[in-house]
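Down below is the structure, laid out as structure tokens.
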Amino acid sequence: MKSQLITKTLTTILLLLICKFNFAQTTSDTGKFAFSLQQAVDFAMKNQIQVQNAAYDEEIARQKVKETIGIGLPQINGSVSAQDFLKVPTSVIPAKAFNPYASDDEYVAVQFGIQYSATAGIEASQLVFSSDYLVGLQATKTYLELSRKASQRTRIETTVAVTKAYYSVLLNEERMLLINANIVRLKKLMDDTKALNANGIVEKIDLDRITLAYNNLITEKDKIQKMMELGNSLLKFQLGMKQSASLALTDKLADVKFTLDLSDKFDYGKRVEYSLLQTQKNAAQLFLKQNRLHYLPMAVLFGNASANAYSSKFDF
């Protein structure tokens with residue numbers, strides 16, 4: 001039983017190590033919010049379900065380490081049981097067993113046992129050697145490391161997704177301001193040209209060109225409006241916020257300063273994705289090691305003690 005428990009626990013850990021972490025998206029409470037970019041990222045760190053799931057996985061990994069360590073500690077179990085035979089079982093035996101002169105077809109009813117009985121026992125075991133357990137200890141540490149790195153990757157990816165969605169909304173807002181200004185300017189030009197055409201100063205074709213440009217701007221405005229709605233919905237999704245919530249952005253695109261430092265050479269080893277792959281590689285090597293050592297004998301110290309008591313009264 002202990003061997004099966006160790007093997008089952010180790011196999012579960014190793015499978016979790018090799019599997020990818022998949023998450024689902026949900027939403028938080030509704031309300032009115034006004035966020036800067038940093039506030040938006042902080043909100044996502046608390047409400048984004050992917051980040052929450054990653055934190056739960058990390059906590060599960062910590063508890064799995066404790067569970068695996070506990071398998072190697074002394075195991076002590078105790079039990080107590082009591083029985084009450086409301087009617088002591090009765091058996092029938094030939095009467096000749098008690099009286100040689102009894103006839104062959106004569107039987108005697110005899111009760112064997114006593115009404116009350118009790119049993120108490122204790123057993124203890126200590127794992128001395130198990131290759132599965134030794135590999136399992138290494139696997140749990142790798143599992144915890146993988147969970148931490150996956151949590152870090154999730155936070156990074158969430159930050160990037162929120163930042164992209166936030167700037168996309170700001171960009172669409174600036175585009176809307178610009179196109180509204182162009183529509184106002186072109187509308188005035190179109191009205192002036194219409195008046196000049198009515199007085200024969202400009203040709204009809206000039207008015208048609210300006211009118212076409214104006215209509216194209218109106219169509220472009222509708223596209224930008226839809227992009228703004230889509231961008232807001234995407235940002236709320238990335239934040240873990242309900243779509244019915246009211247969201248306003250306090251940062252301005254003009255205040256954003258982008259800096260790019262090309263002096264440092266790119267080091268892929270610092271990427272969390274590379275670190276995750278290295279950890280998964282270690283997990284696969286542990287899985288291979290566990291399969292190779294699985295057939296080694298396991299040593300366990302085991303001992304037990306028990307006592308029985310019988311009585312015609314329940315006075316144990």
Mean accessible area per residue over the chain (1.4 angstrom probe, all protein chains present, square angstrom) is 66 Å²
With the stretch 84-130 reduced to its Cα atoms and the Debye formula applied, log10 I(q)/I(0) at q = 0.13, 0.27 1/Å amounts to -0.55, -0.96
Extend 7 Å from the Cα of Glu157 along its Cα-to-C-beta direction; within the stretch 34-64, residues with backbone N under 16 Å of that point are 45, 48-58
Helix 49-71 sits off the longest principal axis of the Cα atoms of the chain, rounded to the nearest 10 on a 0 to 90 degree scale, by 20 degrees
Helix 2-18: inclination vs the chain longest Cα principal axis, degrees, rounded to 10, gives 10 degrees
For the chain, the longest principal axis of the Cα atoms and the Cα long axis of helix 204-239 enclose an angle in degrees, to the nearest 10, of 20 degrees
Which residues qualify? For Gln115, with a placed amide H closer than 5 Å and at least 5 residues away or on another chain, they are none
Measuring from its Cα centre, the chain shows a charge dipole (+1 at each Lys and Arg Cβ, -1 at each Asp and Glu Cβ) which, in debye to the nearest 20, is 880 debye
Output ordering of 237-247, 181-191 (per-residue mean of other Cβ within 10 Å, highest first) is 237-247, 181-191
Restricting to lysines and to Cα separations under 16 Å from Lys313, and discarding same-chain partners fewer than 8 apart, the set is Lys87
Using the Kirkwood formula on alpha carbons, the hydrodynamic radius of the chain in angstrom works out to 28.3 Å
Per its Cα gyration tensor (rounded if a/c is under 1.5, else prolate when a/b beats b/c, else oblate), the stretch 112-168 is best filed as oblate
Expressed as a whole-number percentage, the relative contact order of the chain with C-alpha contacts under 8 angstrom and at least six residues apart is 34 percent
Over 26 Å (Cα to Cα) among Lys187/Lys223; Lys187/Lys252; Lys164/Lys242 -> Lys187/Lys252
At the level of C-alpha centres, the distance separating the stretch 183-253 and the stretch 79-124, in angstrom, is 100 Å
Classified through the alpha carbon gyration tensor (a ≥ b ≥ c as square roots of its eigenvalues; rounded if a/c is under 1.5, else prolate when a/b is larger than b/c, else oblate), the stretch 226-315 comes out oblate
Dipole check, the stretch 213-316, charges on Cβ (K,R +1; D,E -1), about Cα centroid: among Phe237, Asn304, Val272 the Cα furthest to the positive pole belongs to Asn304
Rounded to a whole %, the carbon-and-sulfur portion of the accessible area of the chain at a 1.4 Å probe is 58 percent
Rounded to the nearest 0.05, FRET efficiency between Ser275 and Ala55 (Cβ-Cβ, R0 25 Å) equals 0.85
Of the candidates Gly121, Ala139, Ser151, the farthest towards the positive dipole end of the stretch 111-155 (Lys/Arg Cβ +1, Asp/Glu Cβ -1, centred on the Cα centre) is Ser151
For the stretch 90-211, the dipole about the Cα centre with charges only on Cβ (Lys and Arg +1, Asp and Glu -1), to the nearest 20 debye, works out at 1160 debye
Computed, not fitted: 222 nm per-residue ellipticity of the chain from DSSP H runs ≥ 4 (each -39500 (n - 2.57)), nearest 500, equal to -20000 deg cm²/dmol
Averaged over all viewing directions, the convex hull of the alpha carbons in the stretch 189-250 casts a projected area in nm² of 6.0 nm²
The alpha-carbon pair-distance distribution computed for the stretch 141-250, with 10 angstrom bins and whole-percent values, is 13, 26, 20, 16, 12, 7, 3, 2, 0
Along the stretch 82-93, Karplus-curve 3J(HN,Hα) (6.51, -1.76, 1.60; θ = phi - 60°) to the nearest Hz, with x for Gly and Pro, reads 9, 10, 10, 7, 4, 9, 4, x, 10, 10, 10, 10
Charge dipole of the chain built from unit charges on the beta carbon (Lys, Arg +1; Asp, Glu -1), centred at mean Cα; most positive-end Cα among Ser103, Val65, Thr211 is Thr211
Length gained if Lys164 through Leu293 is fully extended, taking 0.36 nm per residue and subtracting the Cα-Cα distance, is 41.6 nm
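Using a simple charge model, +1 on the beta-carbon of Lys and Arg, -1 on the beta-carbon of Asp and Glu, nothing else, what dipole does the stretch 50-123 show about its Cα centre, in debye to the nearest 20?
So the magnitude is around 160 debye.
The values are calculated or read from the model by the stated rules, or taken from the named source; none is laboratory data. In this text the structure is predicted, and so the values were computed from the model without any measurement. Methodologically, a virtual Cβ is constructed for each residue, glycine included, from the backbone with ideal geometry; neighbour enumeration extends over all protein chains shown. Just so you know, the surface numbers come from the protein's heavy atoms only, side chains and all, with ligands and any DNA or RNA stripped out. Shrake-Rupley method; radii C 1.70, N 1.55, O 1.52, S 1.80 Å.
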